[in-house]
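All of the numbers you see were taken from the coordinates with simple rules; none came from a lab. If you're wondering where the values come from, they're calculated on a predicted model, not measured in any experiment. Note that we place each Cβ from the backbone using ideal geometry, even for glycine, and neighbour counts take in every protein chain shown.
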Amino acid sequence: MTKRIRQGAAIAVAGLLATATACTGQQSSPPGFAGRHHSAERAANGAGAGGAESARTFTLLASGDILPHSSIIDRAAVDAGGGGYDFRPMLQGGAPAVRGADLAICHMETVYGQDGGPYTGYPSFKSPPEVATALRATGYDSCSTASNHTLDDGAQGIGRTLDALDRVGIAHAGSARSAKEASQPTLLRAGKGKRAAKVAHLAYTYGTNDNALPAGQPWAVDLIDKERIVADSRAARKAGADVVVVSLHWGTEWQDAPDDVQLALGRELTASGTGGRPDIDLILGTHAHVPQAYEKVNGTWIVYGMGNQVAGAMVNHEGAQDPRGNESSMGRFTFEPPAKPGQRWAVRKAEFLPQWFDPEAGRVVGLASKAPVPAGGSDRMREIRDRIQGVVLSRGAAEDGLVAGN
């Protein structure tokens, strides 16, 4: 969950995730495939010049928590000029990187309220559905929707959120409106036509802040369970997925280093394979509110935590305002097809792109080396960028080829 000028509480976690700290502060797109078809961008990324196989090479970008605190909602109202809420200017700083990827994945931490409100921030979030419009305008194709806030407004909150994402053409994974929807993997296309790569997006959360699953709807939110995740990944592969991506809402808030549960579960999930091929090709972590390390484990990249892409000024568990709550990274991974059918799609290039959310201006600021720096902020931006980079590389990812992206 998220916290904004409030204290966090410890949350008991079932199964493999013993305990974690709470955060503060389909009708889906028709069953089957969603996503953009970026032939021009794919060519720019090196695809299309080397025959059929290279034409299927694609880039996947993922970013951290979208967490609209009350101050974020107020900023969007100002940006709309008195007519509703406009979150597009807020996200514009990340748009070039998002739009430049063949597939882009966000984490939608909160659920949406009714049109016209009321809307609320921490501790029980109900966000304006206009967030979905901004996510699509920014260029996102799919969002994970499993978090400890998924049940902040019960089943109706899930329904409104997924309906809003459907209306703007964003796929979603991690929560559902029906048992049938919950049983179907979210499958995305990266590319055009029959040669498009098929990417499965699955998502799970450690818990729901002690909010019980809706009566008779045990499928409403996907909870972290190792056996379930492996089974779902294998089912997605059988459904035709070339690449299986798993979003996990996990970890300990305000902790830069992945905790023991993350490390253990990451090792077990990446060790799982079928027929000599890993069941999971990429793990994307959210929830900790601060950037965490990237690491290649058993040959598979894990992003333990991307941090908050959008959030108000954050207060940590010691009651102090903590600027790390507005720092994040985006992960960008270039996948290339195997030499033979049935083999693993390899990550040819792994990159991270540091970001900062300016809580006063209400804007995402890209901190990649070639990104424009706000006037007068070069020293501060460099300090933030260096801190993010230090955390991201803290588990030896550079030795496995992770580089800073532009």
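Take His201, His107, His249, His317 and order them by how many other Cβ atoms sit within 10 Å, fewest up front.
In order of increasing Cβ crowding within 10 Å: His317, His107, His201, His249.
How far, in nm, would the chain grow between Lys192 and Ala339 when pulled straight, counting 0.36 nm per residue and subtracting the alpha carbon separation?
Values: separation 147, 0.36 × 147 = 52.92 nm, distance 2.00 nm.
Using 0.36 nm per residue and subtracting the Cα-Cα distance, I get 50.9 nm.
Rounded to a whole number of µm²/s, how large is the Stokes-Einstein D of the range 54-190 at 25 °C and 0.890 mPa s, given Rh as the Kirkwood radius over C-alpha pairs?
Stokes-Einstein gives a translational diffusion coefficient of 161 µm²/s.
Treat the count of other C-beta atoms within 10 Å as a stand-in for reagent exposure and order Phe125, Phe335 from fewest to most. Intermediate results must be reported in sequence, preceding the final value.
Numbers: Phe125 28, Phe335 25.
Ranking Phe125, Phe335 by Cβ neighbours within 10 Å, fewest first, gives Phe335, Phe125.
Can you give the Rg to Rh ratio of the range 218-353, both from alpha-carbon atoms, with Rh computed by the Kirkwood formula?
My calculation of the ratio gives 1.01.
Apply 1/(1 + (r/R0)^6) to the Cβ-Cβ distance of Arg382 and Gln114, taking R0 = 51 Å, and write down the FRET efficiency to the nearest 0.05.
Step by step, r from the Cβ atoms, then E = 0.70.
Quick one: plug the Kirkwood hydrodynamic radius of the range 177-226 (C-alpha pairs) into Stokes-Einstein at 20 °C, 1.002 mPa s, and report D in µm²/s.
Calculated translational D: 164 µm²/s.
Using the structure shown, list the pairs from Lys238/Lys340; Lys198/Lys226; Lys198/Lys349; Lys238/Lys349 with a Cα-Cα distance above 21 Å, or answer none.
Values: Lys238/Lys340 17 Å; Lys198/Lys226 23 Å; Lys198/Lys349 19 Å; Lys238/Lys349 26 Å.
Lys198/Lys226; Lys238/Lys349, as the Cα separations exceed 21 Å there.
Given 0.36 nm per residue, what is the gain on full extension from Asp163 to Asp210 after removing their alpha carbon distance, in nm?
Full-extension gain reported as 14.5 nm.
Can you say what percent of the DSSP beta bridges in the range 10-404, counting only those with both residues inside, are antiparallel? Round to 5.
Just about 50 percent of them are antiparallel.
Could you work out the mean projected area of the convex hull around the alpha carbons of the range 10-404, in square nanometres to one decimal?
Reported value for the Cα convex hull: 18.0 nm².
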